[in-house]
Amino acid sequence: MYIDKETGDYPLSPADIISRHAHNMSFPVPFEAPERYELVASAEPPAFVQASHKTVELAPLVTEDGYQQQWEVVPLSADELAQLEADRLAAEQAARDAARVTVTKRQALLALFDMKGIRNEDIEAQINLIPDEFDR
């Protein structure tokens with residue numbers, strides 16, 4: 001990414017720079033930025049605990065070698081923490097849903113018969129013993 005040394009605008013992509021000067025300038029291929037723009041040297045964000053913090057990019061630091069990307073580790077806001085918790089719960093539910101096994105009525109009846117000797121007629125007889133039609 002580039003920085004505009006005159007205005008301090010950052011970050012600017014080559015496309016941003018071209019669109020700023022499309023009416024009065026042509027650009028070589030491969031891209032070379034005009035003198036007022038300088039490429040910012042990238043830096044790896046620092047390590048942090050993702051469950052409670054995030055990195056925020058700061059304005060580039062001017063060094064003797066040029067501009068250097070800077071990062072700061074900040075705590076997550078209450079909204080971001082709530083969103084992380086909601087995402088975690090949704091992922092857990094999705095895992096439970098994926099692990100859920102569905103069986104047909106026939107498979108269930110066969111399993112009951114194999115395990116306990118229970119037949120379909122036995123089940124229907126027990127259901128018919130329920131007096132309330134809604135509960136039945």
**OP:** Any residue in the range 18-37 that's hydroxyl-bearing (Ser, Thr, Tyr): show its pairings with residues that are at pLDDT 90 or above at Cβ separation under 6 Å, as long as the two are six or more apart or on different chains.
**Re:** Tyr37/Tyr2; Tyr37/Asp4; Tyr37/Ile17
Original post:
Does Ile127 satisfy the condition of being open to solvent by less than 60 Å² (accessible area, probe 1.4 Å) and either closer than 30 Å to Tyr37 by Cβ or not polar (S, T, N, Q) (or both)?
Top reply: no
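Condition check ((1) of a type in the set (Gly, Ala, Ser); (2) modelled with pLDDT of 95 or more; (3) over 22 Å from Ile3 (Cβ atoms)) across all residues:
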| site | (1), (2), (3) |
| --- | --- |
| His21 | no, no, no |
| Pro34 | no, no, no |
| Ser42 | yes, no, no |
| Ala47 | yes, no, yes |
| Leu61 | no, no, no |
| Glu64 | no, no, no |
| Pro75 | no, yes, yes |
| Ala90 | yes, yes, yes |
Subject >> Selection within the range 33-48 - among the charged types (D, E, K, R), under 36 Å from the mean Cα position of the chain (by Cα) and over 13 Å from Leu12 (Cα atoms) >> reply: Glu44
Subject >> Residues that are among the β-branched types (Val, Ile, Thr) and touching a Pro at 6+ places or on another chain (Cβ under 9 Å), drawn from the range 72-111 >> reply: Val73
**OP:** For the range 78-108, name all the residues that are over 30 Å from Asn120 (Cβ atoms) and among the aliphatic types (A, V, I, L, M).
**Re:** Ala78, Leu81, Ala82, Leu84, Ala86, Leu89, Ala90, Ala91, Ala94, Ala95, Ala98
**OP:** Hey, can you tell me all the residues within the range 110-124 that are exposed (fewer than 10 other Cβ atoms within 10 Å of the Cβ), within 49 Å of the chain's Cα centre (by Cα) and not acidic (Asp, Glu)?
**Re:** Met115, Lys116
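The values are calculated or read from the model by the stated rules, or taken from the named source; none is laboratory data. None of the values given here were measured: they were computed from a predicted structure. Cβ coordinates were reconstructed from backbone atoms using ideal geometry, including for glycine residues, and neighbour counts include every protein chain displayed. Ligands, DNA and RNA are stripped out before the accessible areas are found, and what is left, the full protein with its side chains, is counted by its heavy atoms. Shrake-Rupley method; radii C 1.70, N 1.55, O 1.52, S 1.80 Å.
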